[in-house]
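Novice: Here it is, the structure, as structure tokens.
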Amino acid sequence: MFLKQILVWLVFVTIVFAQLPNEIEDMISRSGIPSEDISISIKEAGISGRRVASLNPEVERMPASTIKIATTYAALLELGSNYKWKTVIYTAGEIKNGVLDGDLVIKGYGDPTFSTDDVIQISRVLYSKGIRSINGDIIIDRSYFEPSNNSSAHFDDHPYSPYNAMPDAMMFNQNTTTLYVKGDNVSSDVADQSYDIENELVSVDNSCTGRYSWPFVQIIPSAIKPKIVFSGKMSSRCSQRKITQILTKSYLACYYSFYEQLNRAGIRFSGRLKLGNVPSNAKENIIYYSKPLIEIISETNKESNNLFARQIFLTLGAQLYGPTSTLGKSRKALTAILNKHNVSYASMLKADNGSGLSKSDRVTSAAFESLLGDAYSKYNQTWLQTLSIAGVDGTIKRRFPSYLHRRIWMKTGTIKGVKNIAGYVNSKDGKAYTVVILINSPKASSSGVVLENNIIKWVGDGASYAQSVQPKNETNSSAPTKQALDDKYFIQVGTFSGSIKHKLLNSIKSNGFDYRLLSTKIGSKVLIGPYDSRKDAKSSLRDVRKLVSHEAFIVTF
């Protein structure tokens, strides 16, 4: 029972007292962000590297897009860097004298990058195999993932923006439509009859500024056929504008692309679209493969591609538990994969859809620290190169000064009230560190980036890290027995995975409190007490919070 209570605290209750160098404490104080809204885990890279700084490492936070490192690392562990998605083309019917007397069947397996270029290549291969006409229809099989009727996740007030695109086993062009505007002309490089364009633009000879520099775009959704409306006055002096939005359903756009490209390749086709499973009489004709996984997870992390992350996440569910993949299967798969590969704290990585575009995701900085350490030990540069690199690419390309370029590899995560960053920093003395900073606070958007940048620069500058020293010969620090703790109340002021600062224990003693150190799997709990009743503990709690730690709280055994 005693051990069970300890484990419950570790996961749900513990707010860990800060083990922070003075420099970081000062940075937090200047930022104006309450320390209870921040989690920090910094240590030498690898599984057993020396800890540098720790603040609230086991408090659950919303990760936003930093959860992508869990999704992509699980994929790397389970699938391998050379894994490739497939799209299989079947013929259901006899091919005779160049005529397919039956249906062309396309089964998607979740390739995140399947696009118009791939359809062009497949159409050419079918022509090279002697097919000149298709008398049947196109059947699209989306059953590898649980099909959705929605094109957008509707996460925020921008439902038609590409980052809101929904996953699909038959993904096509990242579930988006790209249109080009020049003056009063609207064009597309693909034929797609699944939506309508209404062009109300007026071309004017004004300078390309202000309201003349960009069209007004309105999307009118419809279950039958959506419409995109362009209006306003566009300067003829403007360069071509590129508009990318979620307009239609991925499988519909895929069908119309095949319709167009088959005919362009010299294969007559005028059939309809059907949705369904591969017919029993269908024969494999082409197996078309994606780029290797390592390239796709690099794009996922560097550009924070939500759709790619969601496709990867559902692929993990299908890989472990078989099709049809669901979010439920994928959530279980993520934890199972990380546990199988001995990544600590896997249960503290709670991903809703794998992308971070969810307010129900939860992580701890301790879990991210463990994952990053494991990835560094097993894959090193192969893994680091999948993250955004300061001065080179991705979301931190321009974030840090030039002297830190190519020395920082990070994944960022931002939604309202959340500003997170996690990854690696090489200090000027050549040492590599894992750095995790999670800020969930109303002040995150205004002060979070500055605080994170200051901490990361401090690590990169090779600051002199203060070593906290474990007290010796402290008469009060003997580990209590279960019998000594039963039915007693304590005030917990911290849990330390490393050594405990003299400053803390001296503060406890100088203010007239007795304390105990309770050893657990992740370190030592510092407990003030015991008290015979909750009332007695509560009467001391105010003084403890004022004099020792404002994060103290009451526990019992």
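Novice: Give the stretch 18-64 a look and list any residue that's closer than 13 Å to E452 by Cα, under 23 Å from the mean Cα position of the chain (by Cα) and hydroxyl-bearing (S, T, Y), or say none.
Specialist: Residues satisfying the conditions are S39, S41.
Novice: Here is a further query. Quick check on this structure: which one of Y321, Y259 is in the same structural domain as I389 (by TED's automatic domain parsing), surrounded by fewer than 21 Cβ atoms within 10 Å (Cβ to Cβ) and either modelled with pLDDT of 95 or more or in contact with a Phe, Trp or Tyr (Cβ under 9 Å, 6 or more places away or on another chain) (or both)?
Specialist: Answer to the selection: Y321.
Novice: Within the stretch 216-235, which residues are surrounded by 14 or more Cβ atoms within 10 Å (Cβ to Cβ) and farther than 23 Å from Y256 by Cα?
Specialist: Residues satisfying the conditions are V217, S231, G232, K233, M234, S235.
Novice: I'd like the residue in the stretch 505-557 that is of a type in the set (S, T, N, Q) and in a strand (DSSP E or B) and, out of all such residues, is surrounded by the most Cβ atoms within 10 Å (Cβ to Cβ).
Specialist: My answer is S524.
Novice: For the stretch 308-330, indicate whether the set of residues that are charged (D, E, K, R) and more than 15 Å from the chain's Cα centre (by Cα) is non-empty.
Specialist: Checked the stretch 308-330: at least one residue is charged (D, E, K, R) and more than 15 Å from the chain's Cα centre (by Cα).
The rows are residues; the columns are (1) polar (S, T, N, Q); (2) within 22 Å of P162 (Cβ to Cβ); (3) modelled with pLDDT under 95.
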{"residue": "K329", "(1), (2), (3)": "no, no, no"}
{"residue": "N339", "(1), (2), (3)": "yes, no, no"}
{"residue": "V343", "(1), (2), (3)": "no, no, yes"}
{"residue": "K350", "(1), (2), (3)": "no, no, no"}
{"residue": "S355", "(1), (2), (3)": "yes, yes, no"}
{"residue": "S365", "(1), (2), (3)": "yes, no, no"}
{"residue": "L384", "(1), (2), (3)": "no, no, no"}
{"residue": "L387", "(1), (2), (3)": "no, yes, no"}
{"residue": "D393", "(1), (2), (3)": "no, yes, no"}
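Novice: G266: more than 33 Å from the chain's Cα centre (by Cα), more than 13 Å from S151 (Cβ to Cβ) and loosely packed, with under 15 Cβ neighbours inside 10 Å, yes or no?
Specialist: Criteria met by G266.
Novice: Also: Take the stretch 85-101 and flag every residue that is surrounded by fewer than 19 Cβ atoms within 10 Å (Cβ to Cβ) and part of a loop (DSSP other than H, G, I, E, B).
Specialist: N97, G98
So that you can scan it fast, the table gives a plain yes or no per residue for (1) assigned by TED's automatic domain parsing to the domain that holds F114; (2) more than 19 Å from L307 (Cβ to Cβ); (3) β-branched (V, I, T):
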| residue | (1), (2), (3) |
| --- | --- |
| M170 | no, no, no |
| V186 | no, yes, yes |
| I219 | no, no, yes |
| K225 | no, yes, no |
| K233 | no, yes, no |
| C238 | no, yes, no |
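Novice: Which one of M166, M171 is within 23 Å of T315 (Cα to Cα), among the aliphatic types (A, V, I, L, M) and in contact with an Asp or Glu (Cβ under 8 Å, 6 or more places away or on another chain)?
Specialist: Result of the check over M166, M171: M171.
Novice: Quick one: in the stretch 22-65, which of the residues that are part of a loop (DSSP other than H, G, I, E, B) and either of a type in the set (A, V, I, L, M) or not assigned by TED's automatic domain parsing to the domain that holds K419 (or both) is farthest from K378 (Cα to Cα)?
Specialist: By that ranking, first place goes to I33.
Novice: So the check is Cβ under 8 Å with 6+ separation or different chains; which pairs have a first residue in the stretch 102-121 that's part of a loop (DSSP other than H, G, I, E, B) and a second one that's modelled with pLDDT under 95?
Specialist: Pairs that qualify, where the first residue is part of a loop (DSSP other than H, G, I, E, B) and the partner is modelled with pLDDT under 95: there are none.
Novice: Still on this model: In this structure, is A309 surrounded by 23 or more Cβ atoms within 10 Å (Cβ to Cβ), among the small types (G, A, S) and touching a residue at least 24 places away in the same chain (Cβ under 8 Å)?
Specialist: Answer is yes for this residue.
Novice: Okay, next question. With A333, A390, A375, A351 as the choices, which residue is in contact (Cβ under 8 Å) with a residue 40 or more places away in the chain and either in contact with a Phe, Trp or Tyr (Cβ under 6 Å, 6 or more places away or on another chain) or surrounded by fewer than 16 Cβ atoms within 10 Å (Cβ to Cβ) (or both)?
Specialist: Within the list A333, A390, A375, A351, the selection yields A375.
Novice: Can you spot a residue in the stretch 200-219 that is touching a helix residue (DSSP H, G or I) at 6+ places or on another chain (Cβ under 7 Å) and β-branched (V, I, T)?
Specialist: yes
Novice: So, one more: Of all residues in the stretch 157-187, which are assigned to a strand (DSSP E or B), surrounded by fewer than 18 Cβ atoms within 10 Å (Cβ to Cβ) and not β-branched (V, I, T)?
Specialist: Within the stretch 157-187, Y180, K182, N185, S187 meet the criteria.
Novice: Find the helices (runs of 4 or more DSSP H) located wholly in the stretch 284-364 whose residues include 3 or more that are over 21 Å from G413 (Cα atoms) and of a type outside the set (S, T, Y), and list them.
Specialist: 306-321, 327-340
Novice: Between G80, G102, which is over 22 Å from the mean Cα position of the chain (by Cα) and either in the same structural domain as L384 (by TED's automatic domain parsing) or modelled with pLDDT of 95 or more (or both)?
Specialist: It is G102.
Novice: Need the failing condition index for L201 against (1) crowded, with 16+ Cβ neighbours inside 10 Å; (2) closer than 29 Å to D118 by Cα; (3) touching an Asp or Glu at 6+ places or on another chain (Cβ under 7 Å); (4) not aromatic (F, W, Y), just the number.
Specialist: (2)
Novice: Select from the stretch 166-212 the residues that are of a type in the set (A, V, I, L, M), touching a strand residue (DSSP E or B) at 6+ places or on another chain (Cβ under 7 Å) and touching a residue at least 40 places away in the same chain (Cβ under 8 Å) and list them in ascending order.
Specialist: Within the stretch 166-212, M166, A169, M170, M171, L179, V181, V186 meet the criteria.
Novice: Separate question: Any residue at all in the stretch 118-132 that is buried (at least 16 other Cβ atoms within 10 Å of the Cβ), acidic (D, E) and assigned by TED's automatic domain parsing to the domain that holds G271?
Specialist: yes
The values are calculated or read from the model by the stated rules, or taken from the named source; none is laboratory data. Predicted model only: the values in this text are computed from it and were never measured. We place every Cβ from the backbone using ideal geometry, glycine too, and count neighbours over all the protein chains shown.
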